[in-house]
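The values are calculated or read from the model by the stated rules, or taken from the named source; none is laboratory data. Since the model is a prediction, treat every value here as computed from it, not as a measurement. In this analysis, Cβ positions are derived from the backbone assuming ideal geometry, glycine residues included, and neighbour counts consider all displayed protein chains. These area figures cover heavy atoms from the full protein model, side chains too; ligands, DNA and RNA do not enter into them. Shrake-Rupley method; radii C 1.70, N 1.55, O 1.52, S 1.80 Å.
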Amino acid sequence: MASWTRRAFYASLLLTVACSGGGGCSSCSGVTPLPQGFPVTDRIENAASVRLTKPGLDFMNDNLSGLIGQFGGDLLKDGVFVQEIPKSQTEVSLGVTVPIEICPDGSDPQGKPHRCVVEADIKGSTDPANPNRLKMQVAGPNLIKLGGRLLTKAEYINLSAKLVGINAPIQVSIGKGKNGDCSSSNFTEVPVDIDISISTDTNPTHGARTGLSRVKISKFDLNIPEDDVHICGKCDIPIVCSAWDGVIGFAGGLAKGLLIDQLKAPLQEQIDQALCISGNPDVSPPCPVGSAPKDPNDASSTCVFDDNKEECASFALGTEGTINLGGALSSFSPTTTGGLDFLLGLGGLGPNPANNGLPLGDLNPIAEGATFSLSGGANANPLSKCVTPAALPKPTGIPTPKLLLGNDVPGWPSDIPPPHFGLALSQDFFNYALGGIYNSGLLCLQIGTEQVAQLNSGALGLLIPSFKALPLQKQNAPVGLVMKPTRPPVATFGTGGDAKQDPNIKLDLNDLGIDFYVWSSDRYIRAFSSSFNLGIPINLSVSPQGLTPQISELAIGGTKVTNSELLAESPDKIGAGLEGLLGAAVGQALGGGLSPIDLSNALASLGFTLNIPDSAEGKGSPGIQKLTEGTHNFLGIFASLGIAPAQPQPTPQAYKLPPQVSKTSARITDRKITPAGLRLPTMTHDNAPRLMVSASSSAADGSKKIEYTYRVNKGFWRPWSSVDQLVIDDPVMRLQGKHTLHVKSRVAGQTYSEDPEPVA
């Protein structure tokens, strides 16, 4: 349960990036691709929305060089795109056929001049100081335009025309000005006009690709200035000189065509690698319905549609696959199984009222930015036998929140760049997905002494005295807890202003059954059964590791005990004191599963980071909001883009250097442990073990507000607090044994000041 909460948000926030390298999520840990894609009939439209704001588009334009560099892989050298022209042959008909060898001696990018090499200065062409720089703009429905001037040159391209059996050399260069040897070492400005279409695949024959958004380059125009095309060569053979002008004219057009092809081909190849599905030879058929391998003899070749062999079957722009949910919890609950087929990708066939009724999967150009709708899906694979499958009606009619159609976010801090990116995750879809998790059996957790050392018959015997008599010879023995959910969990999104009453996410799991087992006579025997209602208030705190789930206090109630005939205590007495023990066990399980969601890592391959304003105590964060549209609620996450640490040249909009890192000190000043608080019959909330801890920070100088957080053992982190005299009352401390307390600090409002090494 806890691990899928992390995975759900991870999947939701990767969106158009998916795993680094593109192509859905086939390379993500624990995720395998869906060979035939997620079924169209099982999708939920507008499960989430994403927004690139006008400031976000400006930021990307100011950092376009780095973005193109990442997209182009190793094709850039010091900001210059370098593509070698291979040796080839062609011919021209001028009454007679004239064979022409192109680059007969191959390419030499290190020569002087560079021979048979096309070069484009991407860094200079995208420099914000360049008035004719390349820029992206949202130009209309489905359309992003990339236009401006591309600084380009080809210093020296040699050709050989075979006239009446004699090779006649021709030299061509493209650039501003010509040298004495016919080379050109200066870049010329080549006008560029590229149209990038993001639209819905509405072809019903395309199987599971139908309804998903796809990216296509619908226009790629380069207009090389005629004055900057230089051709050298002369005719010394009178008998063929009449044809020479035609050969020379052909050579100029050929060189221009070579330059354009050499610029376009790598871009198209990168797009194909990032967006096109390759066949899977291990399944049959190897490609999604409606497509087949481009090479009939290679099942792993690119999948192309049956009705158009030139069009590839594209990945979902987002994340799609089968996730091994049980594997995600294997370190904590080794026997837990569960799988989920999921989709969260750009798409949607329904009409978008905010985009003139065009399909939801089409790019929506609005307020000089772009908004996208995502289709979602979550199917248990397979249905688990450990639960009674729940019927899950599909949510419909989910709108797009208004905050995802503009450029401003209320309460956004003035000292950081404006929001560049927004996400709104539908509460209706989130609950539908939780139902899929329930049906997969992931909530059938098994927790034992190996995972929580304090969970043993000796410790439980101090709480329930007759429990000591169950193991053979009354010796200390391992204990196991088996969870048996009876209904799906339900999530409610909140503002995050109050960690207990109004957290970002409140998960309610009612009528959760737990059987308690103890090892006796070489086997586990059931000591008793229980059921209870569990409320988990989760706040999302921004940390250097990403979004860190924090829990203030679990809400446990409605406890009932049955099958307790082996115990001397009455079911009512056992149930009355059991809630603290259950809180301890579940808290440790959550702490092991709710690890930070590293958003920046998802964008690192593009050279960017996501920066979310942190929560203020009692106020929440403007970057993590509850959004409401009609009767529909959403979890909104808004962020500014920053430059990843690997970027050598930060731009004017890059973030400031990280602030001073806090170093935490802490000491236990007092402890209150009463025997009555460690025994089930006398246990109350007020007599729980408590530690008083005095904490301090190296960053405290009287001018800064310092915040602290803590956790016990491997449990969850508590919400940040400005109180430096901490009262630790985690219910796991009722279990006698060795416990470890971790405390860390930070400067309030400065995420990257967080202590990376909590004091223990």
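A few points about this structure:
- Scan of the range 463-483 for residues that are closer than 18 Å to Ala676 by Cβ and open to solvent by 50 Å² or more (accessible area, probe 1.4 Å), ordered by number: Pro465
- Enumeration of residues in the range 151-174 that are in contact with a His (Cβ under 9 Å, 6 or more places away or on another chain) and surrounded by 23 or more Cβ atoms within 10 Å (Cβ to Cβ): Lys153, Ala154, Glu155, Tyr156, Val172, Ser173, Ile174
- Checking Lys714 against (1) farther than 28 Å from Pro544 by Cα; (2) open to solvent by 60 Å² or more (accessible area, probe 1.4 Å); (3) touching a residue at least 60 places away in the same chain (Cβ under 8 Å), the condition it does not meet: (1)
- Residue check: Thr669 meets all listed conditions (1) open to solvent by 20 Å² or more (accessible area, probe 1.4 Å); (2) touching a helix residue (DSSP H, G or I) at 6+ places or on another chain (Cβ under 7 Å); (3) modelled with pLDDT of 85 or more but one, namely (2).
- For the range 287-313, filtering for residues that are within 17 Å of Ser213 (Cα to Cα), in contact with an Asp or Glu (Cβ under 7 Å, 6 or more places away or on another chain) and either open to solvent by 30 Å² or more (accessible area, probe 1.4 Å) or outside any loop (DSSP other than H, G, I, E, B) (or both) leaves 4.
- Within the range 376-388, residues that are closer than 12 Å to Lys484 by Cα reach partners that are of a type in the set (Lys, Arg) and open to solvent by 10 Å² or more (accessible area, probe 1.4 Å) with beta carbons closer than 8 Å, at six or more positions or on different chains, in the pairs Cys386/Lys484; Val387/Lys484.
- Candidates Glu579, Glu553, Glu565 - the one that is closer than 30 Å to Pro756 by Cα and open to solvent by 10 Å² or more (accessible area, probe 1.4 Å): Glu553
- From Gly458, Gly496, Gly513, Gly441, residue being surrounded by fewer than 22 Cβ atoms within 10 Å (Cβ to Cβ), modelled with pLDDT under 95 and in contact with a strand residue (DSSP E or B) (Cβ under 8 Å, 6 or more places away or on another chain): Gly513
- Residues that are more than 17 Å from Asp515 (Cβ to Cβ) and free of Cβ contacts under 8 Å to residues at least 24 places away in the same chain within the range 543-575 comprise Ala555, Ser570, Asp572, listed in sequence order.
- Considered as a group, the residues in the range 612-643 that are among the hydroxyl-bearing types (Ser, Thr, Tyr) and modelled with pLDDT of 85 or more include one that is most open to solvent (accessible area, probe 1.4 Å), and that residue is Thr631.
- Residue under evaluation Ile416, criteria (1) under 29 Å from the mean Cα position of the chain (by Cα); (2) open to solvent by 10 Å² or more (accessible area, probe 1.4 Å); (3) under 28 Å from Leu512 (Cβ atoms), criterion not met: (3)
- Residue check, Val747 among the β-branched types (Val, Ile, Thr) and either more than 20 Å from Ala616 (Cα to Cα) or free of Cβ contacts under 8 Å to residues at least 60 places away in the same chain (or both): no
- Scan of the range 349-365 for residues that are in a strand (DSSP E or B), touching a residue at least 40 places away in the same chain (Cβ under 8 Å) and either aliphatic (A, V, I, L, M) or open to solvent by 10 Å² or more (accessible area, probe 1.4 Å) (or both), ordered by number: Pro359, Pro365
- Within the range 33-46, no residue that is free of Cβ contacts under 8 Å to residues at least 60 places away in the same chain and at positive phi sits with its Cβ atom under 9 Å from a residue that is surrounded by 18 or more Cβ atoms within 10 Å (Cβ to Cβ) and of a type in the set (D, E, K, R) at 6+ positions apart or across chains.
- Identity of the residue in the range 593-608, open to solvent by less than 20 Å² (accessible area, probe 1.4 Å) and of a type outside the set (A, V, I, L, M, F, W, C), that ends up modelled with the lowest pLDDT: Gly593
- If you check Val661, Val747 for being over 30 Å from Val561 (Cβ atoms), open to solvent by 60 Å² or more (accessible area, probe 1.4 Å) and of a type in the set (Val, Ile, Thr), only one passes: Val661.
- Wholly within the range 449-560, strands (runs of 3 or more DSSP E) carrying at least 3 residues that are under 32 Å from the mean Cα position of the chain (by Cα): 490-493, 505-520, 523-543, 546-551
- 1 or more residues under 30 Å from Ala208 (Cα atoms) and open to solvent by less than 20 Å² (accessible area, probe 1.4 Å): qualifying strands (runs of 3 or more DSSP E) within the range 38-133: 44-52
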